[in-house]
Amino acid sequence: MTPALPTIAIVVPCYNEETALPISIPKMLDVLERLEKQKLAKWDSYILLCNDGSNDHTWKVIEEFHLHDTRIRGISLAHNRGHQNVLLAGLMTVKGHCDAAISIDADLQDDPDAIIEMVRKFHNGKEIIYGVRSSRDTDTWFKRNTAHAFYSFQKVMGLETVYDHADYRLMSNRALNLLAQYGESNLFLRGIIPQIGLENDIVTYKRNERVAGESKYPFAKMLSFSIDGITSFSARPMRWIFMTGLILLLVDILVALYVLVSYFFSDHISAGWASLMLSIWALGSLILIAIGIVGEYIGKIFVEVKHRPRYAISDKLWD
Ligand code: UDP
Ligand code: MG
């Protein structure tokens, strides 16, 4: 008896993608067809488009496609909840209704052909397969360098992620079940999924330009995403504040000695204006940074203790 083929679900977060979807959906369907032809996936594999409270015609486009092809399914969130939350909503929707789910962006910057390689590896027993960019030629110089700086910064701050992997990955249904047990509101999938720790592998691909529309992740959003990632996973910044405080205390003792010696043995005490000004500013900014970092954590606790739902699905196109 030949083993049963897996049902594959492709999960796509979509925020204001009315121009990209008409190009990317046919390409994804083509991938499904090739999977089926190559006996890698079952005929009932499908695509779940997840509308993240778009304010253009994204949902209409999804409804249109669903009418003509039931392999196209959709969910729609009541509000814009951001890439990570809508992705989670999609993954939790397909959990129990597929053997493996692949998350991919709607703009096809992640090469959909890599899905075939991912599914092959899934057949070989891997349960989490990370899509990793082999190059960033098509990103702007600025995006490329800031993105790399973020990866390094996260690493220094104690957050382990897969280098140059965004959210393009395959997860087995078992991995989805394990993911469902993580109840945090401050969701950073790239940090959580390596912690699940099932057998994993990577597939490299070339990152393309957006097929249409423009990036919803400008620099400021990337920065806040990175800070969120670090403060969700690591308390190391707080440890650093403490260490800095200790070092400053040592410096403070030296300064105190210097001041006392000057007081007793020198006539030029008023000459200390410059050092006084400098230390006020240096300490002032350090204190503010420290309070800010602590504030980040308290903010996180504040959000977590409320246990609010992470998303609300308002519409669903399934059958
Ligand atoms: N996205 C989303 N909600 C948001 C922002 C983005 O669902 O609030 C989706 C978007 O439609 C795309 C993916 O997340 O499918 C990645 O966004 P984008 O391509 O704009 O980011 P970039 O690739 O430029 O980092
Ligand atoms: Mg993109």
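The values are calculated or read from the model by the stated rules, or taken from the named source; none is laboratory data. Nothing here was measured: the structure is a model prediction, and the numbers come from that model. Neighbour counts run over all protein chains shown; Cβ positions are idealised from the backbone, glycine included. Accessible surface areas use protein heavy atoms only, side chains included; no ligands, DNA or RNA. Shrake-Rupley method; radii C 1.70, N 1.55, O 1.52, S 1.80 Å.
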- Query: Excluding same-chain residues fewer than 8 positions from Lys216, which lysines have a Cα within less than 16 Å of its Cα?
  - Reply: Lys143
- Straight-line reach check, Lys155, cutoff 17 Å on alpha carbons, 8 or more apart in-chain or any other chain, hits among aspartates and glutamates -> Asp164, Asp228
- Task: Determine the distance separating the Cα centre of segment 1-65 from the Cα centre of segment 118-175; give it in Å without decimals.
- Result: 21
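Using only helices, what value at 222 nm comes out for the chain when you add -39,500 (n - 2.57) per DSSP H run of length 4 or more and divide by the total residues, to the nearest 500 deg cm²/dmol?
Working: 10 runs with 159 residues, N = 319.
Taken over the chain, the calculation gives -16500 deg cm²/dmol.
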- Task: Considering only protein heavy atoms, with the full assembly of protein chains and a 1.4 angstrom probe, order Ser135, Ser275 by accessible area, largest first.
- Result: Ser275, Ser135
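Pairs Lys27/Lys95; Lys37/Lys60; Lys121/Lys316: which are spaced more than 28 Å apart, C-alpha to C-alpha? Kindly include the intermediate steps, with their values, before the conclusion.
Values: Lys27/Lys95 24 Å; Lys37/Lys60 30 Å; Lys121/Lys316 31 Å.
Lys37/Lys60; Lys121/Lys316, as the Cα separations exceed 28 Å there.
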- Query: Computed from the mean reciprocal separation of all distinct C-alpha pairs, what Kirkwood hydrodynamic radius does segment 153-287 have, in Å?
  - Reply: 19.9
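Place the peptides 84-93, 64-73 in order of packing, highest mean first, counting for every residue the other Cβ atoms within 10 Å and averaging per peptide. Intermediate results must be reported in sequence, preceding the final value.
Numbers: 84-93: 22.8, 64-73: 16.2.
By packing density, highest mean first, the sequence is 84-93, 64-73.
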- Task: Go ahead and set up a Gaussian network model of the chain, Cα springs under 10 Å, then flag whichever of Ile192, Ile115, Ile301 fluctuates most.
- Result: Ile301
- Query: Extension gain Leu286-Phe219, at 0.36 nm per residue separation less the Cα-Cα distance, in nm?
  - Reply: 21.7 nm
- 9 Å beta-carbon shell around Ser24, net charge (K/R +1, D/E -1): -2
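Quick check on the chain: of the DSSP beta bridges with both residues there, what percent are antiparallel, nearest 5%?
Numbers: 12 of 34 bridges.
Percentage antiparallel, nearest 5: 35.
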- Note on the structure: Here, Asn208 and Ala4, labelled 7 Å along Cα→Cβ, have an inter-label distance in nm of 3.4
- Task: Please give the FRET efficiency for Ser234 paired with Lys316, using the beta carbon to beta carbon distance and R0 = 30 Å, rounded to the nearest 0.05.
- Result: 0.25
- Item | Surface share of carbon and sulfur [accessible, 1.4 angstrom probe, percent] for segment 112-257 | 60
- Item | Set of aspartates and glutamates near Lys39 by C-alpha distance (under 20 Å), chain-local residues within fewer than 8 positions excluded | Asp30, Asp99, Asp113, Glu117, Glu127
- Counting only heavy atoms of the protein chains, get the accessible area per residue of the chain (1.4 Å probe) and round it to a whole Å² value. 54
- quick shape note, the chain: Cα extents on principal axes in Å, largest first -> 94, 43, 41
